[in-house]
Amino acid sequence: ADGKTVVNVSLDPGLEQGAIDAFNARVAQFESANPSIDLVPREYKWDATTFTTQLAGGTLPDVFTVPFTDGRGLIERKQIADISGQVAGLPYAGKFNKEIAKAGSADDGKMWAVPIAAHGQALHYNRTLFTQAGLDPDKPPTSWEEIRSAAKQISEKTGQAGFAMMTSGNTGGWIATTLAYAFGGRTEKLEGDTAKSTVDSPEMVKALQAVKAMRWDDNSMGANFLYEWGTINQDFAAGRIGMYVSGGGNYGSLKAQNAMKPEDYGVAALPLTGGANAGVLGGGTLAAVSAKAEEPVKAAAVKWIDFYYLEKLTNKDAAVADAKTTADSGQAVGSPELPVFDKAAFDERMTWIAQYVNVPVKQMTPYTDKMFGQPLVPEPTRSTQQVYALLDPVVQSVLTDRGADIGSLLNGVRTQAQALLDKK
Ligand SMILES: OC[C@H]1O[C@H](O[C@H]2O[C@H](CO)[C@@H](O)[C@H](O)[C@H]2O)[C@H](O)[C@@H](O)[C@@H]1O
């Protein structure tokens, strides 16, 4: 268009008008600072069930996001553009948290996909349902026994699901893995170059037994057993779910996509049990550029990644511009994400944007008071999403079949998971 470099950029689907306005305002600010670039927003959200087809069909936007789990594979197979040259020129290129940087880097350390967000898993809860059930919303559960009893009380007193769980599009595996970590287990054991699947660990069994007890002994998990990330957010924001597990920074999406009422919202640290090995599963998001992108598009795409996702984390003027635009559109500023750089940069940014923070900060303290003290453990590294996919039907069986034999289901998954791990 008019000799401009056209770049398709990702816009989350199903946004509230305020969130669309905030995005469009940032696009206009970018285009005014970069008159030779024309940004074209395209609705896109990474989804395990559609991503592979979009990638193979070449239908992804020029700039798109993927979870940390997908970065290394996409780089190894050269299915995303090598933007490492442009990324190396960014002022903060060498400052990423080393562990987080690995998710988007090739074996030689060159960064092809840029970490833009990180999270630890957390327990989201509906304060209004807690109150209606006679529970104290300022004292959310701190153990799995308390989650179970709160879930039972919520479902008995309010008729809503006390505790709900994602089960489809790999999210069942993601959350099952989160619970296994919280119970002290892991789903893979790395030994040098080889990996052993431990999806059937005693801790995974215990975690799924806890879920089974809520479902079948207490009937406290509602009636929808086919949730994924977007639909569980939707039902939670609509007041149909008392508690669920997902990334700690979710409030921003809940507000932008599901018009979450701030007064309903609470988030707490995920209870850990099972001793020293228990951990909080951590993950995050990478921004990548289509392998089809020509050099000028690649250069413009990295400028957008810098402007929209990252500059605001390290540069005061950019942080303020982003926070002001977002807050002016009625969208969330200050959701508890984890740093992609270091804690000092994170804390400094919070001071820059303090006047724009509009999330219910006090209601988040059961999580924020603990989020830097909990042991954060990265997601499994080998065939991660494929193993999650294998676990989905196990979680679904636990929730739909009273007689589901957790041990034997997991044993079957271990054999298939091991075959995947052996391929690498
Ligand atoms: O589909 C399961 C996958 O989802 C994760 O990402 C999603 O949750 C994040 C935390 O709430 C959120 O920030 C992101 O936008 C969502 O797409 C996760 O990172 C994946 O590894 C996981 O398998």
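The values are calculated or read from the model by the stated rules, or taken from the named source; none is laboratory data. Keep in mind that this is a model prediction, so the values were computed, not measured. Note that we place each Cβ from the backbone using ideal geometry, even for glycine, and neighbour counts take in every protein chain shown. SASA here: full protein model, heavy atoms, side chains in, ligands and nucleic acids out. Shrake-Rupley method; radii C 1.70, N 1.55, O 1.52, S 1.80 Å.
General observations
- Matching residues in the range 45-54 - criterion: being assigned to a loop (DSSP other than H, G, I, E, B) and either more than 11 Å from the ligand (Cβ to nearest atom) or in contact with a Gly (Cβ under 7 Å, 6 or more places away or on another chain) (or both): Asp47
Listed here are the residues, each with its yes/no results for (1) of a type outside the set (Lys, Arg); (2) closer than 25 Å to Leu123 by Cα; (3) surrounded by fewer than 17 Cβ atoms within 10 Å (Cβ to Cβ).
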{"position": "Met350", "(1), (2), (3)": "yes, yes, yes"}
{"position": "Val357", "(1), (2), (3)": "yes, yes, yes"}
{"position": "Tyr367", "(1), (2), (3)": "yes, yes, no"}
{"position": "Gly407", "(1), (2), (3)": "yes, no, yes"}
{"position": "Asn411", "(1), (2), (3)": "yes, no, yes"}
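- When residues of the range 322-336 are limited to those that are buried (at least 18 other Cβ atoms within 10 Å of the Cβ) and of a type in the set (Gly, Ala, Ser), the one modelled with the lowest pLDDT: Ser329
- Within the span defined as the range 33-56, every residue fails to be closer than 22 Å to Val340 by Cβ and small (Gly, Ala, Ser).
- Taking every residue in the range 168-190 that is closer than 14 Å to Arg414 by Cα and touching a residue at least 40 places away in the same chain (Cβ under 8 Å) and pairing it with any residue that is assigned to a loop (DSSP other than H, G, I, E, B) and within 14 Å of the ligand (Cβ to nearest atom), at least 6 positions away or on another chain, the pairs with Cβ-Cβ distances below 8 Å are Thr177/Thr187; Thr177/Glu379; Thr177/Pro380; Arg186/Pro380; Thr187/Pro380; Glu188/Pro380; Glu188/Thr381; Glu188/Arg382.
- Residue within the range 150-165 that is closer than 20 Å to Gln385 by Cα and within 25 Å of the chain's Cα centre (by Cα) present: yes
- Residue check: Glu203 meets all listed conditions (1) in contact (Cβ under 8 Å) with a residue 24 or more places away in the chain; (2) open to solvent by 20 Å² or more (accessible area, probe 1.4 Å); (3) assigned to a strand (DSSP E or B) but one, namely (3).
- Looking across the range 249-266, the residues that are among the aliphatic types (A, V, I, L, M) and within 13 Å of the ligand (Cβ to nearest atom) come down to Leu254, Ala256.
- Considered as a group, the residues in the range 211-229 that are part of a helix (DSSP H, G or I) and closer than 21 Å to Gly247 by Cβ include one that is nearest to the chain's Cα centre (by Cα), and that residue is Trp229.
- Residue match in the range 370-387 (condition: assigned to a loop (DSSP other than H, G, I, E, B) and within 30 Å of Asp21 (Cα to Cα)): no
- Pairing residues of the range 145-162 that are part of a loop (DSSP other than H, G, I, E, B) with residues that are open to solvent by 60 Å² or more (accessible area, probe 1.4 Å), at Cβ distances under 6 Å and at least 6 apart in sequence or on separate chains, gives Gln160/Arg240.
- Candidates are the residues of the range 55-104 that are under 19 Å from the mean Cα position of the chain (by Cα) and part of a strand (DSSP E or B); the one that is surrounded by the most Cβ atoms within 10 Å (Cβ to Cβ) is Val63.
- Selection count, the range 302-343, where residues are of a type in the set (D, E, K, R) and outside any helix (DSSP H, G or I): 2
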